[in-house]
1. If you place +1 on the Cβ of every Lys and Arg, -1 on the Cβ of every Asp and Glu, and leave all else neutral, what size is the dipole of the chain about its Cα centre, to the nearest 20 Debye?
2. What is the range 123-255's relative contact order, in percent, from Cα pairs under 8 angstrom and six or more apart in sequence?
3. R0 = 22 Å: FRET efficiency of N459 with N304, Cβ-based, nearest 0.05?
4. For K203 and K238 in the same chain, what is the full-extension length gain: residue separation times 0.36 nm, less their Cα-Cα distance, in nm?
5. By how many nm would the segment from D392 to N504 lengthen if fully extended, with 0.36 nm per residue of separation less the alpha-carbon distance?
6. Report the far tail of the P(r) of the range 425-553, meaning the percent of Cα-Cα pairs longer than 22 Å.
7. Could you name the lysines whose alpha carbon sits less than 22 Å from that of K192, not counting residues in the same chain fewer than 8 places away?
8. All other residues with a Cβ under 15 Å from the Cβ of S159 taken together, and with Lys, Arg as +1 and Asp, Glu as -1, what is their net charge?
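Since every read-out is calculated from the coordinates, none of them should be taken as a lab result. On a predicted model such as this, the values are computed, not experimentally measured, just so you know. Quick reminder, even Gly has a Cβ in these numbers, built from the backbone with ideal geometry, and neighbours come from all protein chains shown.
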Amino acid sequence: MRLLVCSFCFLISIASFAQTPPTKTWYYNSSNSEFNGIDLQKTYKSLLADKTSRPVVVAVLDSGVDIEHEDLVENIWINQDEIPDNGIDDDNNGYIDDVNGWNFIGGKDGKNVNKDSYEATRVYGGLKHKYQNADAEKLNSKEKVEYEKYKKAEQEVTSKRSAAENSLDQIGATENYLLGLSDKLENAVGQKTLSVDRLDSLKSLNDPEISAIVNIIERSAAAGERIQTVAQLKSDIKSELSASKVRFEDQLNYAYNPDYNPRTVIGDDYNNSDDKYYGNNDVEGPDAFHGTHVAGIIAAKRNNEIGIDGVASNVLIMSVRTVPDGDERDKDVANAIRYAVDNGASIINMSFGKGFAWDKDAVDAAVQYAEKNDVLLVHAAGNSAQDNDATDNFPNETYRKAKGFLFWKKKATKNWIEVGASGWQKNEDAVAPFSNYGQSGVDVFAPGMYIYSTTPDNNYQIAQGTSMASPVVAGIAAVIRSHYPALTAQQVKDVILDSSIKSNQQVKKPGTTDLVPFSELSSTGGFVNLYKAMEYASKVKGKKKINKTKNKV
């Protein structure tokens, strides 16, 4: 109905439609075809035909996963040491009835956090009492760093709140204007049907306001939405604008509201990063759209003639609910990583990120823990069309504190892959226009535009973002670890990056129309490719010993 109240959107929608890929599963295709695909089906039909593999657990740190989805239910991780629903921590891991994962943003009473604020808001609110009236000239060096962080957050929060308030005012004015035009139309035609002939006759009245509302109705009809009566017209106007209102009201009430604190639902000691035994076992939560879509890209059941085919075939999804409608919290991310590592995940997908960090040290320690335990971390680069080399993006692979003898040099973990989003086209639009990039801050690009995948209640939908690109890479990593279990996490990372298809083609720099060499947008200058990765992996000698008897590493 968006065309109804915003006539220029019709042109945008037509242009967008012209750019959509002709198939929902374009990224399955060969990289040698017209698409910028990953050779998914080619790999299974040739390199992996009749090859044995081992099950691999991939933890999805996200909003939650619909574990009963028809295309996922057979590939959900089950904690074999836990007896379901008996209210007892059977495996003594500190989490009661964690049969399919854990929810770090829920309370022991079964309630869940849905909406939360952004980290910028929490930084601003948390430091306001300390720096609101501070004299910057009197601060010590450590305080000045914190003060600058506060001022940056303050500027973002206040500007976003102001923008949301202005948008609500504009929406209100638009609604009043359009309903006023509708009233005038109703006075002219009453309850009669808005037929083509009747609309044509209204144009002859030479009334600019009547002509304006008729023009909107006709544009709507041209886009396939026929308005039959004035009552329907008014209802559609209110319905569409209501959705826009909710978005900006949520920004004011939750996202950029420093006084909003849903943490009481969880009941943890939020300021204690060592406090990790909180939450509940509801791994789906109130809105599992994002997490279910991510899980499907990795692990939707292959060759079952329903839905889609996931990238990996012998894979189990562990759902670790970590991300609300708002920014994830560092404490929850750190505990989610540790939970996934301790319970057998060998790959962790993290399709989330933010511009501020509250407790990076806690996340860094968890990342180190994953590295020590040979777990690969795959992270989405972000959707702000920004240079991650020049702009903060958390979490990331670089530790806040320097390590070792070179105390001035920051250390980066070796088990981290940062993923940008690519499109299906092999031209200047090969990179998603929203994707973050960075010659050192992003490692590789993977399909992330118009990705069709699973959504809650046995549905399927198209979504796009680096959130979709990251699980493509996590899926490739799962295929590698499934067939070559002797490879370490660092070796798997190297295989994926070194086997990526390098390109020097000119592409649009995200957020602009400027053409730059694709090689300048990531450390590899490459697009991931499953076929190339499996070829490469077959030639790498693994560094891990395999327990063949127990089918474990």
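1. Numbers: 63 positive and 77 negative charges, 410 e Å.
For the chain, the charge dipole is close to 1980 debye.
2. Working: 72 pairs, mean separation 40.3, N = 133.
About 30 percent, as a whole number.
3. Numbers: r = 16 Å, r/R0 = 0.73.
That pair, N459 with N304, gives E of 0.85.
4. Numbers: separation 35, 0.36 × 35 = 12.60 nm, distance 2.46 nm.
That works out to 10.1 nm of additional length.
5. Values: separation 112, 0.36 × 112 = 40.32 nm, distance 2.65 nm.
Additional length available on full extension: 37.7 nm.
6. Details: 3649 of 8256 pairs.
The answer is 44 percent, as a whole percent.
7. Of all the lysines, those that pass the test against K192 - Cα under 22 Å, at least 8 places apart if same chain - are K184, K203, K234, K238.
8. On the way: positive: K151, K152, K160, R161; negative: E154, E156, E165.
Around S159, the charge tally is +1.
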